[in-house]
Amino acid sequence: MKLACLLVFCLLSVGSFALEVPNGKVVLVVSGVVSQQNRGKDAVFTMEMLTKLPQHSFVSRTPWYEKPVKFTGPLLRDVLAAAGAKGEKISAIALNDYRVEIPFQDLIKFPMVVARLLDDKPMAIRDKGPLFIVYPFDAYEELHQDIYYTRSAWQLSKIIVQ
């Protein structure tokens with residue numbers, strides 16, 4: 001466990017930079033144990049700020065769509081690194097107050113994205129947007145389990161780092 005925490009610390013310490021002041025509508029608030037604050041004690045992101053992070057895409061089958069779909073966005077670990085997050089888990093909170101805990105170990109093991117595009121188009125709220133934490137289900141057989149499906153948070157609006 002100590003090794004995992006050290007790896008997470010190293011992972012999230014690399015590439016830290018001062019967050020810019022948001023100019024536009026905030027779509028994601030990261031609070032809790034964060035060192036890169038740009039609004040009070042929080043690290044906040046506009047969609048433009050999220051698009052400036054390295055973007056990753058994958059195509060995967062999910063329980064929510066009839067056919068494989070393409071998800072695009074920054075890696076969750078990159079968003080947390082930009083916020084200077086340090087902890088053992090996060091709580092991902094949706095617009096409807098759905099809340100799920102995700103262990104930092106998942107961030108090390110899997111390249112989860114904070115998807116902002118679905119099949120190369122912005123996601124509307126009615127389509128699980130504007131942000132959706134998604135695991136690369138088809139890339140890892142072990143992810144085809146309910147525990148990982150429930151950790152995928154759509155309509156993401158806030159992350160609390162613990």
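The values are calculated or read from the model by the stated rules, or taken from the named source; none is laboratory data. Note that the structure is predicted; figures quoted are calculated from it, not measured. FYI the Cβ positions are ideal-geometry reconstructions off the backbone, even for glycines, and counts take in every protein chain you see.
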**Message:** Is it the case, given these coordinates, that ILE93 is modelled with pLDDT under 95, more than 22 Å from ARG61 (Cβ to Cβ) and either acidic (Asp, Glu) or out of contact with any His (no Cβ under 8 Å at 6 or more places or on another chain) (or both)?
**Reply:** no
**Message:** Taking the condition of being touching an Asp or Glu at 6+ places or on another chain (Cβ under 8 Å) and surrounded by fewer than 17 Cβ atoms within 10 Å (Cβ to Cβ), how many residues in the range 39-56 meet it?
**Reply:** 1
**Item:** Odd one out for GLN36, checked against (1) modelled with pLDDT under 95; (2) touching a strand residue (DSSP E or B) at 6+ places or on another chain (Cβ under 6 Å); (3) within 23 Å of PHE104 (Cα to Cα)
**Value:** (1)
**Request:** Collect the residues in the range 135-157 that are buried (at least 20 other Cβ atoms within 10 Å of the Cβ) and assigned to a strand (DSSP E or B), keeping them in residue-number order.
**Result:** TRP154, LEU156
**Fill in**
Sole miss for ARG126 among (1) out of contact with any Lys or Arg (no Cβ under 7 Å at 6 or more places or on another chain); (2) modelled with pLDDT of 95 or more is condition (2)
**Message:** I'd like to know if the range 152-160 contains one or more residues that are under 24 Å from VAL44 (Cβ atoms), modelled with pLDDT of 95 or more and β-branched (Val, Ile, Thr).
**Reply:** yes
**Request:** Keeping to the range 86-109, report how many residues are of a type in the set (D, E, K, R) and outside any loop (DSSP other than H, G, I, E, B).
**Result:** 5
**Asked** Within the range 57-73, how many residues are within 15 Å of the chain's Cα centre (by Cα) and buried (at least 16 other Cβ atoms within 10 Å of the Cβ)?
**Response** 4
**Fill in**
Contact list, first residue from the range 110-134 and assigned to a loop (DSSP other than H, G, I, E, B), second anywhere and exposed (fewer than 15 other Cβ atoms within 10 Å of the Cβ), beta-carbon distance below 6 Å, six or more apart or interchain, is ASP119/LYS70
